[in-house]
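Heads up: the structure comes next, in structure tokens.
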Amino acid sequence: MQSNAFRKVERDFSIKRQRAQSDARRFKNSVYEENPTLEKIENEINMISLKSAKDRIFSDNLSRRIEQEKLEVKLERLNRKYKEELQKIGLTKEDFEPKYECTKCNDTGFVENKMCSCFNQELINETFKQSNLSKIKEENFETFDYGYYSAINNKEKYGIEKSPLENIDGIKNLAYKFSHCLEDPTQKNLLFTGSTGLGKTFLANCIAAEAIKQGKSVIYQTAPILLDKMTDYKFKFNKTEEEREDYNKIFDVDLLIIDDLGTEAMNSAKFSELFNILNTRLLKNKKILISTNLSLQEIKNEYEERIFSRFVGDFIICRFVGEDIRILKKKIINR
Ligand SMILES: Nc1ncnc2c1ncn2[C@@H]1O[C@H](COP(=O)(O)OP(=O)(O)OP(=O)(O)O)[C@@H](O)[C@H]1O
Ligand SMILES: [Mg+2]
Ligand SMILES: [Zn+2]
């Protein structure tokens, strides 16, 4: 039995595919309208190809074979002509091909009967209602802007020897490497800490975008929603197969991003789920990225020792410093 999420994604893919195809058709038609010669040549090519194919089936005698060769020469000439006509208007045949989002599966969702990573990721997005991951089109390593980080050292203000710019550059490099080393057992996990508006979620999205680009699966979820979901599942009677599978994804995806840790109302069930996630994923060498406004000291005070000790042992702590970018942006707009 296929899940609702599966059917929904299948439908979306079919729409996406058809749209790419009809866009391509529409573009071709518009080019043909302005350049009728092209259409004429194409019609001729089609006619001759058809005739040549028919002849090949019945080609039993010599005269037919000569005829056939003549057709092929003609076809070659027409194809060349077609190409030249296209060149004149700065196009190639490829420009008439549908522009699929995924070049691995041409938006069919499957490659050689196996699910394509793009389909798998959409399935996860659907299951976990990952609206935030739609931001990765705008928030990725290509759009990362250093301009929001000051190049001036101010130890008194930021508490570190480096300038915010040097600091973020180091973190960004770490993040990029992390996104390419998800399977490397020597690569530690990442913990982003720092006050509000310093770009933690932005950089988490950069990592997600880079990982997805490489065909890795990513779950992004804020701590309150994730822990609510998990405890709901734990206390639920009669779990369906689908719910079980969804729950297991939290432990199995290549990268789990838990944003806004510390904003959830904790209780013992949630502590135990958080520990469960950390412990199970660490044992399986499945990477985790956590982002929080809490300092390490606050985590120590508010979370159990067994959780804190994992943060210290298995995570690289990345401390974000600088000015609140949300406020900087507003100032720029109001200027
Ligand atoms: N490097 C960057 N380049 C361009 N825009 C950025 C960058 N970093 C952050 N931003 C923008 O600044 C705003 C705040 O960033 P972000 O949401 O990542 O902060 P945060 O540290 O996660 O804050 P919070 O702790 O409140 O969740 C967002 O609008 C984001 O798009
Ligand atoms: Mg954030
Ligand atoms: Zn694909």
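The values are calculated or read from the model by the stated rules, or taken from the named source; none is laboratory data. Since the model is a prediction, treat every value here as computed from it, not as a measurement. We place every Cβ from the backbone using ideal geometry, glycine too, and count neighbours over all the protein chains shown.
Things worth noting here:
- Members of region 218-253 found to be in contact with a helix residue (DSSP H, G or I) (Cβ under 7 Å, 6 or more places away or on another chain), over 20 Å from Gly194 (Cα atoms) and surrounded by 18 or more Cβ atoms within 10 Å (Cβ to Cβ), listed by number: Val218, Ile219, Leu227, Met230, Asp246, Ile250, Val253
- Against the conditions (1) at pLDDT 95 or above; (2) assigned to a helix (DSSP H, G or I); (3) within 30 Å of Asn167 (Cβ to Cβ), Ala151 satisfies every one except (2).
- The number of residues in region 177-208 being under 23 Å from Glu323 (Cβ atoms) and of a type in the set (Phe, Trp, Tyr) comes to 2.
- Selection of region 291-334 for residues being within 25 Å of the chain's Cα centre (by Cα) and either within 12 Å of ligand 1 (Cβ to nearest atom) or free of Cβ contacts under 8 Å to residues at least 40 places away in the same chain (or both) yields Ser291, Thr292, Cys318, Phe320, Ile325, Arg326.
- Near pairs, Cβ below 7 angstrom, 6+ apart or cross-chain, from region 107-136 (within 16 Å of ligand 1 (Cβ to nearest atom)) to any residue that is of a type in the set (Gly, Ala, Ser): Leu133/Ala208; Ile136/Ala208; Ile136/Ala209
- Criterion (modelled with pLDDT of 95 or more, under 30 Å from Ile327 (Cβ atoms) and more than 16 Å from ligand 2 (Cβ to nearest atom)) met by exactly one of Thr143, Thr108: Thr143
- Of the helices (runs of 4 or more DSSP H) lying entirely inside region 191-274, those containing at least 3 residues that are in the same structural domain as Phe311 (by TED's automatic domain parsing) and either closer than 18 Å to Leu174 by Cβ or of a type in the set (Gly, Ala, Ser) (or both) are 200-213.
- Enumeration of residues in region 59-92 that are touching a Leu at 6+ places or on another chain (Cβ under 7 Å) and either free of Cβ contacts under 8 Å to residues at least 12 places away in the same chain or surrounded by fewer than 14 Cβ atoms within 10 Å (Cβ to Cβ) (or both): Thr92
- Unique match (being within 14 Å of ligand 1 (Cβ to nearest atom) and free of Cβ contacts under 8 Å to residues at least 40 places away in the same chain) among Tyr176, Tyr220: Tyr176
- Boolean, Ile307 is surrounded by 14 or more Cβ atoms within 10 Å (Cβ to Cβ) and under 30 Å from Phe275 (Cβ atoms): yes
- Of the residues Lys200, Lys135, Lys162, Lys129, the single one that is surrounded by 14 or more Cβ atoms within 10 Å (Cβ to Cβ), under 23 Å from the mean Cα position of the chain (by Cα) and more than 15 Å from Ile290 (Cα to Cα) is Lys135.
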